[in-house]
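Peer 1: Could you have a look at this structure, given as structure tokens, before my questions?
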Amino acid sequence: MKFMVGAVSGQKSVFVVTGDGAVNLTSLMPDVGDDLMGLINNPGLMDQVADKIDGASTIPVDSITPALPVENPGTIICLGLNYVDHIKEGGYEVPEYPALFMRGRNSIMPAGAPLVRPSCSHKLDYEVELMLIIGKGGRHIAEADALDHVFAYTVFNDGSVRDYQRKTHQWTPGKNFDDTGAIGPYAVTPDELPEGATGLKIESRVGDEILQSATTSDMMWSVAKTIATISEYTTLQPGDYIAMGTPPGVGHAKTPPRWLVPGETVEVEIEGIGICASPIVDEKEMPVKGAA
């Protein structure tokens, strides 16, 4: 099933997407709530969805303003260096253990929202990534059971400010600028995709310019292995996001470097899931956060 969380006339709801149309599931099933956590926390609701939407009226998908699939995730964990050719283009050694880092809530935003180039740097880069949403939490999850813990897959653009990423051995600054991590707009349940979301074309572009193009089969650490590895050290919670790393072709590795600039729209796409598009804006064009 393909879900989309978004707003129509200012009212946020969960929608089921069927082609170019979408059924407002929240209006049919109020217990679903206004993001995917209602379905994640109550698996019994999922059993009712197909019957509820059968014959229901639809609205155009493009009339919905996307929102985050899970508005307030407990944890956002990102996996770096998961494609060998990307590791090589970045000048890193192939790791024996995945490079894991975390993002904060202020760094993410929904598909369609502006991706902000900060005033302190023009080295804003793109990274198309497969992202999963945890359905069933747990600790010490066996790799053989890990895929049972995935509620859905979505698309992530891990926007990275490269000079700040390289300031320290920890990547936190460059990966956590406000409004640089775009998620969505679609969340697709595992039954709609190949096992572990393998073999899917993954691509980023600006207009007709192809920036990255690969397949999720090139990932060194599979979805199942990643979940098992992360759950060795932390308890995964329903609604957590896990990003699976990016393939080669990022801007900082090109000659000359290819940075995102205001006025462009970057699209990241994964086969079978959808396109996450973000207009690039300069920070000075955005309202000041926290201002009265």
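Peer 1: In the list Gly91, Gly112, which residue meets the criterion of being among the small types (Gly, Ala, Ser), farther than 26 Å from Glu232 by Cα and at pLDDT below 95?
Peer 2: Numbers: Gly112 fails: at pLDDT below 95.
One residue alone meets the criteria, Gly91.
Peer 1: If you don't mind, another one. With the checklist (1) outside any loop (DSSP other than H, G, I, E, B); (2) over 21 Å from Ala152 (Cα atoms) in hand, flag the one item Gly91 doesn't pass.
Peer 2: All conditions pass for Gly91, except number (1).
Peer 1: Scan the range 46-73 for residues that are in contact with an Asp or Glu (Cβ under 6 Å, 6 or more places away or on another chain) and not acidic (Asp, Glu) and jot them down.
Peer 2: Initial filter on the range 46-73 (in contact with an Asp or Glu (Cβ under 6 Å, 6 or more places away or on another chain)): 61, 70-71, 73.
Result: Val61, Val70, Pro73.
Peer 1: Tell me, which strands (runs of 3 or more DSSP E) lie completely within the range 198-269 with 2 or more residues that are open to solvent by 60 Å² or more (accessible area, probe 1.4 Å) and in contact with a strand residue (DSSP E or B) (Cβ under 9 Å, 6 or more places away or on another chain)?
Peer 2: Values: elements: 201-206, 209-215, 241-243.
In the range 198-269, the matching strands (runs of 3 or more DSSP E) lie at 209-215.
This table checks each residue for (1) over 30 Å from Ser63 (Cβ atoms); (2) more than 13 Å from the chain's Cα centre (by Cα); (3) open to solvent by 70 Å² or more (accessible area, probe 1.4 Å).
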{"position": "Gly90", "(1), (2), (3)": "yes, yes, no"}
{"position": "Glu93", "(1), (2), (3)": "yes, yes, yes"}
{"position": "Tyr97", "(1), (2), (3)": "yes, yes, yes"}
{"position": "Phe101", "(1), (2), (3)": "yes, yes, no"}
{"position": "Ser107", "(1), (2), (3)": "no, no, no"}
{"position": "Pro110", "(1), (2), (3)": "no, no, no"}
{"position": "Pro114", "(1), (2), (3)": "no, yes, no"}
{"position": "Arg117", "(1), (2), (3)": "no, yes, no"}
{"position": "His122", "(1), (2), (3)": "yes, yes, yes"}
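Peer 1: Another one. Are any residues in the range 33-82 within 17 Å of the chain's Cα centre (by Cα) and modelled with pLDDT under 95, and if so, which ones?
Peer 2: Gly80, Leu81, Asn82
Peer 1: Which residues, counting only those in the range 237-268, are closer than 21 Å to Leu36 by Cα and of a type in the set (Asp, Glu)? Before the answer, list the steps.
Peer 2: Taking the range 237-268 and keeping what is closer than 21 Å to Leu36 by Cα, we get 237-244.
Selection gives Asp240 alone.
Peer 1: Also, I was wondering about something else. I'd like to verify a number: residues in the range 270-289 that are among the aliphatic types (A, V, I, L, M) and outside any strand (DSSP E or B), how many?
Peer 2: Of the range 270-289, the ones among the aliphatic types (A, V, I, L, M) are 270, 273, 275, 277, 280-281, 286, 288.
Restricting the remaining residues to those that are outside any strand (DSSP E or B) gives 273, 286, 288.
Number of matching residues: 3.
Peer 1: Can you tell me how many residues within the range 124-144 are open to solvent by less than 10 Å² (accessible area, probe 1.4 Å), in a strand (DSSP E or B) and not β-branched (Val, Ile, Thr)?
Peer 2: Adding up the residues that qualify gives 6.
Peer 1: Here is a further query. In the set Asp163, Asp191, Asp158, Asp179, which member is touching a residue at least 12 places away in the same chain (Cβ under 8 Å), on the phi > 0 side of the Ramachandran plot and either surrounded by 15 or more Cβ atoms within 10 Å (Cβ to Cβ) or of a type outside the set (A, V, I, L, M, F, W, C) (or both)?
Peer 2: Values: Asp163 fails: on the phi > 0 side of the Ramachandran plot; Asp191 fails: on the phi > 0 side of the Ramachandran plot; Asp158 fails: on the phi > 0 side of the Ramachandran plot.
Only one candidate passes the filter, namely Asp179.
Peer 1: Please specify each residue of the range 166-176 satisfying the condition of being outside any loop (DSSP other than H, G, I, E, B) and touching a residue at least 60 places away in the same chain (Cβ under 8 Å).
Peer 2: Step one: filter the range 166-176 for residues outside any loop (DSSP other than H, G, I, E, B), giving 173-175.
Residue satisfying the conditions is Lys175 alone.
The values are calculated or read from the model by the stated rules, or taken from the named source; none is laboratory data. Predicted, not measured: the structure shown is a model, and the values here were computed from it. Please note: Cβ atoms are built from the backbone with ideal geometry, for glycine as well, and neighbour counts cover all protein chains shown. Surface areas here come from the heavy atoms of the whole protein model, side chains and all, with no ligands, DNA or RNA. Shrake-Rupley method; radii C 1.70, N 1.55, O 1.52, S 1.80 Å.
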